[in-house]
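The structure under discussion appears below in the form of structure tokens.
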Amino acid sequence: MQAACSDSFILFPPSVFKEKRILQKVTSTEHPFLVSLYATFQSENHLFFVMEYLPGGDLCHLLEHQGAFEESKAMFYTACVVLGLEELHRNNIVHR
């Protein structure tokens, strides 16, 4: 079963709306290591999620750009990821 906002828009799978609910829940926590969702809207052919701007990029991009981290930097980023995952788990969200 797919959901749509109106007859003139394309149908999106239910998983898209589940993702929106998860992002809304995460946003309400205002956790410093989780991205926020500000709004959603759609055109005739696309669905848009307006999310927090994070100028530093993601961890994968940072690793590609800088190469392997020194131990202290690896420990810092590991702690940030763990704190974010803990907040997800506190809100009954499992990252897969």
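Residues in region 23-46 that are farther than 19 Å from VAL82 by Cβ and either at pLDDT 90 or above or part of a helix (DSSP H, G or I) (or both): LEU23, GLN24, LYS25, THR27, SER28, SER36, LEU37, TYR38, ALA39, THR40, PHE41. Condition check for THR78 on (1) modelled with pLDDT of 95 or more; (2) on the phi > 0 side of the Ramachandran plot: one failure, at (2). So which residues in region 47-73 are within 28 Å of PRO13 (Cα to Cα) and either touching a Lys or Arg at 6+ places or on another chain (Cβ under 7 Å) or not in a loop (DSSP other than H, G, I, E, B) (or both), if there are any at all? Matches in region 47-73: LEU47, PHE48, PHE49, VAL50, MET51, CYS60. Listed by first and then second residue, the pairs with beta-carbon distance under 8 Å, at least 6 apart or on different chains, first residue in region 67-82 and more than 18 Å from PRO32 (Cα to Cα), second surrounded by 11 or more Cβ atoms within 10 Å (Cβ to Cβ), are PHE69/LEU63; PHE69/TYR77.
Which residues, counting only those in region 46-94, are closer than 16 Å to THR27 by Cβ and either surrounded by 13 or more Cβ atoms within 10 Å (Cβ to Cβ) or out of contact with any strand residue (DSSP E or B) (no Cβ under 9 Å at 6 or more places or on another chain) (or both)? Matches in region 46-94: PHE49, MET51, TYR53, LEU54, GLY84, GLU87, LEU88, ARG90, ASN91, ASN92, ILE93.
The values are calculated or read from the model by the stated rules, or taken from the named source; none is laboratory data. None of these values were measured; they are calculated from a predicted model. Note: ideal-geometry Cβ built from the backbone for every residue, glycine included; neighbour counts use all protein chains shown.
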